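Student: There's a structure below that I have some questions on.
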Amino acid sequence: MPIKAFALNCTLKPSGKPSSTDAMIGLLQKDLAAQGVAVGAPVRVADHDVKPGVTSDEGPGDAWPDLRRQVLGADILILGTPIWMGQPSSVCKRVLERMDAFLGETDEQGRMVSYGKVALVAVVGNEDGAHHVSAELFQALNDVGFTLAANAVCYWVGEAMQKTDFQDLDGVPDKVASTCAMAARNAAHLARFLKEKQYPGE
């Protein structure tokens, strides 16, 4: 069976507005596609009414159940966020809070519904904080059952207190391009392995 990737863009901007996070996710998707991974258009979480909470369904109007289905229907999750005040976006934090429900959603052998799924992180900003943000996301994603391959983040940060965004660059810096390619290779390899050999249960 083919390996599938699904991307959540946690920019604060709704669709129709340029997004550097989209640009970074696009690099990872291109490199995943080169590894034979099926990719689709990223979903901007800001377009959807994801209710606050820590369950998988917060009632009428909650858009999370459909997004959750797409997350769990993929083998690789790309979680992309801009940096705001040195932190992941509030939209990204809400996604992680909703994934908290995975802790109690286990099979008969005690494995969370996210077991066997691989996570990649995409981070952009024109201020410092990429390492801090990726560390926060790594810890949270791993806590709720995702597996992280080696070098599971691709990021770019511009000069602090300036206005240059990733999407405004004339080209992709060589180091960013090579890091994205490596992250995609590692994630695709790990996802194929886990698809064939799931984690042992209790």
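Student: Give the residue, chosen from 88, 82, 2, 42, that is in contact with a strand residue (DSSP E or B) (Cβ under 6 Å, 6 or more places away or on another chain) and at pLDDT below 95.
Tutor: Step by step, each of 88, 82, 2, 42 is checked, and only 2 is in contact with a strand residue (DSSP E or B) (Cβ under 6 Å, 6 or more places away or on another chain) and at pLDDT below 95.
Student: Taking the residues in the stretch 62-88 that are part of a helix (DSSP H, G or I) and open to solvent by less than 40 Å² (accessible area, probe 1.4 Å) as candidates, determine which candidate is nearest to residue 49 (Cα to Cα).
Tutor: 64
Student: Limited to the stretch 89-117, what total is found for residues that are of a type in the set (Ser, Thr, Tyr) and assigned to a helix (DSSP H, G or I)?
Tutor: The number of residues fulfilling the criteria is 1.
Student: Would you check which residues across the stretch 137-167 are open to solvent by 60 Å² or more (accessible area, probe 1.4 Å) and either touching a Gly at 6+ places or on another chain (Cβ under 9 Å) or among the small types (Gly, Ala, Ser) (or both) and list them?
Tutor: 150, 155, 164
Student: Any chance you could count how many residues in the stretch 118-136 are crowded, with 16+ Cβ neighbours inside 10 Å and outside any helix (DSSP H, G or I)?
Tutor: 11
Student: Just name the residue that is surrounded by the most Cβ atoms within 10 Å (Cβ to Cβ) out of those in the stretch 14-48 that are assigned to a loop (DSSP other than H, G, I, E, B) and in contact with a helix residue (DSSP H, G or I) (Cβ under 6 Å, 6 or more places away or on another chain).
Tutor: Checking each candidate, the answer is 42.
Student: Can I ask one more? Look through the stretch 89-117, keep the residues that are of a type in the set (Ser, Thr, Tyr) and open to solvent by 40 Å² or more (accessible area, probe 1.4 Å), and return whichever of them is farthest from residue 75 (Cα to Cα).
Tutor: Selected residue: 90.
Student: Out of (1) open to solvent by less than 20 Å² (accessible area, probe 1.4 Å); (2) part of a helix (DSSP H, G or I), the odd one out for residue 178 is which?
Tutor: Status for residue 178: all satisfied but (1).
Residues checked against (1) within 14 Å of the chain's Cα centre (by Cα); (2) over 14 Å from residue 75 (Cα atoms):
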| residue | (1), (2) |
| --- | --- |
| 147 | yes, no |
| 153 | yes, yes |
| 160 | no, yes |
| 170 | no, yes |
| 175 | no, yes |
| 180 | yes, yes |
| 184 | yes, no |
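Student: Shifting gears a bit: Given the conditions (1) closer than 16 Å to residue 82 by Cβ; (2) assigned to a helix (DSSP H, G or I); (3) of a type in the set (Phe, Trp, Tyr), report the number of the one that residue 156 does not fulfil.
Tutor: Single failed check for residue 156: (2).
The values are calculated or read from the model by the stated rules, or taken from the named source; none is laboratory data. Owing to the predicted nature of the structure, the values given are computational and were not obtained by experimental measurement. As a convention, Cβ positions derive from the backbone with ideal geometry for all residues, glycine included, and neighbour counts pool all protein chains shown. Ligands, DNA and RNA are excluded from the accessible area calculation, which covers all protein heavy atoms including side chains. Shrake-Rupley method; radii C 1.70, N 1.55, O 1.52, S 1.80 Å.
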